[in-house]
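Accompanying notes for the structure given below.
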Amino acid sequence: QVQLVESGGGLVQSGGSLRLSCAASTNIFSLYAMGWYRQAPGKQRELVATISRRGNKNYAGSVKDRFTISRDNAKNTLYLQMNSLKPEDTAVYYCNAAWGRDDIWGQGTQVTVSS
């Protein structure tokens with residue numbers, strides 16, 4: 001079973017930056033579509049950004065031009081570079097790997113943006 005471990009969350013001021021990492025226990029990027037999702041208190045989990053097996057990227061409108069999803073195949077690691085952070089970006093951020101019936105989630109990392 002593939003495992004995903006997120007890191008890089010924390011407390012940052014509005015306008016600041018953070019980079020989240022998601023380390024996969026094995027090389028899955030050639031098979032799995034990868035993504036970042038987030039869940040704020042009292043809200044449903046929502047898509048932030050995805051990257052397909054072929055490298056096609058997709059972003060939620062609220063983060064487009066501020067966040068960048070990328071991956072390092074050699075390190076089996078997915079990244080989310082977050083710039084110009086806003087208080088409304090505060091949430092637990094989750095890494096996801098999907099392929100066929102497989103739908104794998106990490107444990108999440110907290111991002112808090114203060115105003």
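The values are calculated or read from the model by the stated rules, or taken from the named source; none is laboratory data. If you're wondering where the values come from, they're calculated on a predicted model, not measured in any experiment. Here the Cβ positions follow ideal geometry from the backbone for every residue, glycine too, while neighbour counts run over all protein chains shown. Keep in mind that these areas ignore ligands, DNA and RNA; they rest on the heavy atoms of the full protein, side chains included. Shrake-Rupley method; radii C 1.70, N 1.55, O 1.52, S 1.80 Å.
Mind checking whether some residue in segment 89-101 is farther than 24 Å from Gln3 by Cβ and either hydroxyl-bearing (Ser, Thr, Tyr) or surrounded by 12 or more Cβ atoms within 10 Å (Cβ to Cβ) (or both)?
Yes, that holds for at least one residue.
Does segment 60-75 hold any residues that are over 11 Å from the mean Cα position of the chain (by Cα) and either modelled with pLDDT under 95 or not polar (S, T, N, Q) (or both), and which are they? Before the answer, list the steps.
The first filter runs over segment 60-75 and keeps only residues over 11 Å from the mean Cα position of the chain (by Cα), leaving 60-66, 72-75.
Passing the criteria: Ala60, Gly61, Val63, Lys64, Asp65, Arg66, Asp72, Asn73, Ala74, Lys75.
Can you run down the residue pairs with Cβ atoms below 6 Å, 6 or more apart or on separate chains, where the first is in segment 98-115 and within 14 Å of Val12 (Cα to Cα) and touching a residue at least 40 places away in the same chain (Cβ under 8 Å) and the partner is part of a strand (DSSP E or B) and among the charged types (D, E, K, R)?
Thr109/Glu6
Out of all the residues in segment 11-31, which are open to solvent by less than 40 Å² (accessible area, probe 1.4 Å), part of a strand (DSSP E or B) and farther than 23 Å from Asn76 by Cβ?
Initially, segment 11-31 is screened for residues open to solvent by less than 40 Å² (accessible area, probe 1.4 Å), giving 12, 16, 18, 20-22, 24, 28-29.
Next, from what is left, pick out any that are part of a strand (DSSP E or B): 12, 18, 20-22, 24.
Val12, the sole residue that qualifies.
Looking only at residues in segment 32-49 that are over 20 Å from Glu88 (Cβ atoms) and under 13 Å from the mean Cα position of the chain (by Cα), which one is surrounded by the fewest Cβ atoms within 10 Å (Cβ to Cβ)? Explain how you work it out, then say what you get.
Pass one, segment 32-49, residues over 20 Å from Glu88 (Cβ atoms): 32-34.
Cutting the leftovers down to under 13 Å from the mean Cα position of the chain (by Cα) gives us 33-34.
Values: Ala33: 17, Met34: 23.
Ranking the candidates gives Ala33 first.
Considering each residue of segment 39-70, count those that are of a type outside the set (A, V, I, L, M) and in a loop (DSSP other than H, G, I, E, B), and give that number. Before the answer, list the steps.
Filtering segment 39-70 down to residues of a type outside the set (A, V, I, L, M) leaves 39, 41-46, 50, 52-59, 61-62, 64-68, 70.
From what is left, the residues that are in a loop (DSSP other than H, G, I, E, B) are 41-45, 52-56, 61-62, 64-66.
Adding up the residues that qualify gives 15.
May I ask you to list the residues in segment 3-51 that are touching a Leu at 6+ places or on another chain (Cβ under 6 Å) and at pLDDT below 95?
Across segment 3-51, there are no qualifying residues.
Any residue that is assigned to a loop (DSSP other than H, G, I, E, B), loosely packed, with under 15 Cβ neighbours inside 10 Å, polar (S, T, N, Q) and free of Cβ contacts under 8 Å to residues at least 40 places away in the same chain - is there at least one of those in segment 71-86?
The answer is no; no qualifying residue exists.
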